Amino acid sequence: MNDSTYREILIGGSIALDDVQTPQDSQQNLLGGSASYAGLAAQFFSQKVALLGIVGKDFPQEYLELFASRGLCIDGVERSEEKTFRWSGQYHANLNKRTTLSVCSDVLESWKVKVPQALRQSGVICLANMAPSNQKDMLQACQHREKWVIADTMDLWIDTARDALLEVLKETDIFVLNESEARMLSGEYHLLEAGKRLLDYGSSYLIIKLGEYGSLLFGSQGELFRIHAYPLANIVDPTGAGDTFLGGLAGSLSLEETLTFGAVVRGALRGSVLASFTCEDFSVRRLEQSSILDMEERLDDLHAMSCWPLDLSKGEKTSL
Ligand code: AMP
């Protein structure tokens with residue numbers, strides 16, 4: 001494989017225009033989509049990240065230039081004559097819940113995934129949120145991948161394309177979904193039970209995202225770990241936080257030689273911190289302006305906040 005065309009991470013998903021309403025503000029035509037957030041997050045760890053997706057003729061050139069300026073390869077981003085996938089959402093008062101107001105997905109519905117030959121042997125394959133049939137096609141084309149498969153999904157696909165999603169999970173190493181989706185797919189309310197059930201679908205590792213509360217990580221050998229989200233004083237727009245988490249995880253894993261539970265924990269911590277940047281402004285604005293040093297600073301803070309300040313076995317007094 002020609003080293004200059006080899007990609008350490010290939011990310012497939014939606015590339016969208018978002019209209020977002022929060023209790024404070026409302027913004028239109030924002031760069032959105034699962035692959036956009038994941039790609040920009042993965043790029044913190046590797047200069048060899050490629051995007052796979054489709055946009056319409058209305059997709060602003062400046063957004064393609066933004067990807068290119070961050071070093072993302074867009075050879076796998078197709079241009080269609082239809083309109084770009086557009087998602088419109090409104091957040092409730094506490095920003096924890098949102099309602100999808102409208103979705104215009106013509107371009108995604110007719111999309112036949114085409115993976116350029118040069119991208120088929122990529123390292124980490126990241127199936128960001130898109131129809132499971134598209135995820136399957138992407139996997140099929142990447143049979144000679146060098147590392148691991150990470151997959152995300154959403155309630156819509158659990159509802160409408162469950163069988164295809166289960167097929168994807170048979171080939172997935174790390175499966176990521178949120179709390180309500182985990183309950184929905186597993187049929188179990190209790191997350192520990194849900195985790196066990198979901199691992200039976202085939203992945204070696206599972207991450208259940210808990211929004212502002214962090215995430216729960218499971219391994220098929222019984223491993224369990226809980227990580228906290230980075231606490232934020234001012235959340236502007238949480239859209240894309242999950243996708244950013246996924247891309248950060250993929251990026252971090254591209255640095256690993258072997259897939260272990262420790263590698264997944266490291267990736268989830270990095271993904272979690274990157275997701276905190278995404279929440280601090282609309283679209284990818286804050287993420288785009290953040291550096292590796294910013295990420296490392298927050299990782300150190302999160303580490304300090306997550307460690308117990310006393311030794312319980314000695315019954316020491318603490319100043320806290
Ligand atoms: P998140 O906040 O992490 O759940 O992701 C929000 C992003 O997902 C937005 O930028 C949307 O454009 C994108 N999105 C919403 N619905 C879909 C869908 N059905 N398929 C793919 N991407 C979607």
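Laboratory data are not the source of any read-out in this text; all were calculated from the coordinates shown. Given the structure is predicted, the values throughout are model-derived calculations rather than measurements. All Cβ positions, even for glycine, are placed from backbone atoms using ideal geometry, and neighbour counts span all protein chains on display.
Residues Lys48, Lys209, Lys136, arranged from fewest to most other Cβ atoms within 10 angstrom of their Cβ, appear as Lys136, Lys48, Lys209. Ranked by how many other Cβ atoms sit within 10 Å of their own Cβ, fewest first, the residues Leu210, Leu52, Leu139 fall in the order Leu210, Leu139, Leu52.
Remark: the Arg98-Asp301 segment gains 70.2 nm on full extension, using 0.36 nm per residue and subtracting the alpha carbon distance. Would you mind telling me the antiparallel percentage of the DSSP bridges in segment 1-72, rounded to 5? Given both bridge residues lie in segment 1-72, the antiparallel proportion sits at roughly 55 percent. Remark on Val77: its backbone amide H falls under 5 Å from those of Gly53, a criterion applied only to residues 5 or more positions apart or on other chains, H modelled at 1.01 Å from N. Relative to the longest principal axis of the Cα atoms of the chain, the long axis of helix 292-306 lies at roughly 30 degrees. Net charge dipole, the chain: roughly 340 debye, given to the nearest 20, about the Cα centre with Cβ charges of +1 for Lys and Arg and -1 for Asp and Glu.
Here the relative contact order of segment 255-318, from alpha carbon pairs under 8 Å that lie six or more residues apart, stands at 22 percent. With the simple spin-label model, which puts each label point 7 Å out from Cα in the Cβ direction, the Gln27 to Glu81 separation comes to 3.4 nm.
To the nearest ten degrees, helix 132-141 and the longest principal axis of the Cα atoms of the chain are 80 degrees apart. Placing +1 on the Cβ of every Lys and Arg and -1 on the Cβ of every Asp and Glu, with no other charges, gives segment 13-148 a dipole of roughly 500 debye about its Cα centre. In order along segment 232-238, the Karplus-derived 3J(HN,Hα) couplings, from 6.51 cos²θ - 1.76 cosθ + 1.60 at θ = phi - 60°, round to 10, 7, 9, 8, 9, 7, x Hz, and Gly and Pro are given as x.
About the Cα centre of segment 125-170, how large is the charge dipole given +1 on each Lys and Arg Cβ and -1 on each Asp and Glu Cβ? Please answer in debye to the nearest 20.
The dipole of segment 125-170 has a size of about 200 debye.
For the listed peptides 105-113, 213-221, a ranking on the average number of other beta carbons within 10 Å per residue, highest first, reads 213-221, 105-113.
Taking other C-beta atoms within 10 Å as the exposure proxy, Thr22, Thr258 rank Thr258, Thr22 from fewest upward.
Cross-link partners for Lys147 among the lysines, with Cα-Cα distance under 26 Å and sequence neighbours closer than 8 places in the same chain left out: Lys48, Lys112, Lys114, Lys136, Lys170, Lys196, Lys209. Rg and Dmax over the alpha-carbon atoms of the chain stand at 18.9, 69 Å. Working note: Cα gyration tensor of segment 37-141, eigenvalues times five, square-rooted, sorted largest first, giving semi-axes of 24, 18, 16 Å.
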